[in-house]
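The values are calculated or read from the model by the stated rules, or taken from the named source; none is laboratory data. As the structure is a prediction and not an experimental result, all values here were calculated from the model. Note that each Cβ is placed from the backbone with ideal geometry, even for glycine, and that neighbours are counted across all protein chains shown. Side chains are part of the model used for accessible areas, which takes the heavy atoms of the whole protein and leaves out ligands, DNA and RNA. Shrake-Rupley method; radii C 1.70, N 1.55, O 1.52, S 1.80 Å.
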Amino acid sequence: MTAYSLIAPAKINLYLEIIGDRPDGYHELAMILQSIDLADQLDLRPNGTDQLRITCDDPQIPTDSQNLAHKAAALMAIEFPEAYRRWGGVDIHIQKRIPMGAGLAGGSADAAATLVGLDLLWKLGLTQGELRKLAAKLGSDIPFCISGGTAIATGRGEQLAPLPSADFLHVVLAKYRSLAISTPWAYQTYRAQFSGSYVPDQASLQQRRQRVHASDIVAAISQRDGAKMGQLLHNDLEKAVLPVHPPIECLKQTLAEFQPLGVMMSGSGSTVFALVESEAEAASVGQQLQAKLPDPDLGIWTAKLISSGIQIQR
Ligand code: C5P
């Protein structure tokens, strides 16, 4: 039986609006999600046993049942017991490039790649829609990670509407390696401070969901207007996270001094990204940041916005 290598791209949030509470305890969101070419690689190989085993080149990443890729494999084994019996267990090796606790959906990308890889290994022939449904059982960002590109995400984040690609832009990402932010903490902190402004009824909820489709930033993406996109970046979670973590605010302010198109925290943090027009500009902003804030704990990456999610290498 064949082995597969998959590329699992990270995402950034060009827009994140918290609309209100959901009956399932999650938040109703309106987001614009964007894949970037900073990516993990997953190698999936049948192991001739009934075990689902994860290994990772980064010793800090848990490889037990806490790992989202393990959860994804376990879900596939439950959902497709006959295929699991027939083809057996799998070894999944993760080459980790996306930092953890970064707001870049690194764990979600690995889970998405595992779903796609097992669909191939077990010859299930699932559609993208079927894969996305399975993905939604594991986490809010995972359906997007499967198809990737540029998309509006509403509901918990699993209702996707594709947008024209923003793959003409680049980013500089900056994150203090020792500063990981828990997503549940960020949302709980936001709720504790701002739930007074949550939309109270279904009709207004629907209206707010629709509003993002007609928003200026969506128009800017369609018009390939990078400057406008940069000005319209938005993330409600900054209001909860930045006051508690001054180094993230400092990163934002420092990046802004280099006059990129825009600067924003991604997801629940702790990564800050600066949107720029070219690879050369990304390299220059990265170097200027490194010179201004020389700190071995500060990770700086450059990446390109891309139009795809999980990619199969072989
Ligand atoms: O779905 P996922 O497991 O990625 O979500 C992580 C956490 O983020 C949830 O436990 C919840 O606290 C918060 N969250 C939320 N509303 C969403 C998505 C995530 O409150 N729509």
(message) Let me make sure I get this right: for segment 55-107, a, b and c are the square roots of the gyration tensor eigenvalues over alpha carbons, sorted descending. Under 1.5 in a/c it's rounded, otherwise prolate if a/b > b/c, else oblate. Which is it?
(response) prolate
(request) With a ≥ b ≥ c taken as the square roots of the eigenvalues of the C-alpha gyration tensor of segment 117-235, please select rounded if a/c is under 1.5 and otherwise prolate if a/b is larger than b/c or oblate if it is not? (result) rounded
(message) Restricting to bridges with both residues inside the chain, how much of the DSSP beta-bridge set is antiparallel, in percent to the nearest 5?
(response) 90
(request) May I ask you to give the solvent-accessible area per residue for segment 23-93, in square angstrom, as obtained with a 1.4 angstrom probe? (result) 49
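Computed over the Cα atoms, what is the radius of gyration of segment 1-100 divided by 2.2 N^0.38 Å, N being its residue count?
This ratio for segment 1-100 stands at 1.32.
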(message) Please list 3J(HN,Hα) in residue order for segment 239-251, calculated via the Karplus relation 6.51 cos²θ - 1.76 cosθ + 1.60 where θ = phi - 60°; whole Hz, with x for glycine and proline.
(response) 5, 8, 8, 4, x, 8, 10, x, x, 6, 4, 5, 4
(request) Report the relative contact order of segment 7-92, percent, no decimals, based on alpha-carbon pairs under 8 angstrom and at least 6 residues apart. (result) 31
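Could you work out what % of the accessible surface of segment 219-297 is carbon and sulfur, using a 1.4 angstrom probe and leaving DNA, RNA and ligands out of the count?
Summing carbon and sulfur atoms, their accessible area is 51 percent of the total for segment 219-297.
Leaving out ligands, DNA and RNA, and with a 1.4 Å probe, what % of the accessible surface on segment 58-148 is carbon or sulfur?
Roughly 51 percent of what the probe reaches on segment 58-148 is carbon or sulfur.
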(message) Taking a ≥ b ≥ c as the square roots of the Cα gyration tensor eigenvalues, with a/c under 1.5 meaning rounded and otherwise prolate when a/b beats b/c, else oblate, which class fits segment 170-304?
(response) oblate
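Equivalent ellipsoid semi-axes for the chain, as square roots of 5 times the alpha carbon gyration tensor eigenvalues: give them largest first, rounded to whole Å.
Result for the chain: semi-axes of 31, 23, 18 Å.
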(request) Would you please give the FRET efficiency between D225 and D57, computed as 1/(1 + (r/R0)^6) with r the Cβ-Cβ distance and R0 = 30 Å, to the nearest 0.05? (result) 0.15
(request) Compute the distance in nm between two label points, each set 7 Å from the Cα along the Cα-to-Cβ direction, one at S178 and one at K137. (result) 4.1
(request) Any chance you could run the full-extension gain for F168 through A256? It's 0.36 nm times the residue separation minus the Cα-Cα distance, nm to one decimal. (result) 29.6 nm
(request) Pairs of Cα atoms under 8 Å, at least six residues apart: use those to get the relative contact order of the chain, whole percent. (result) 26
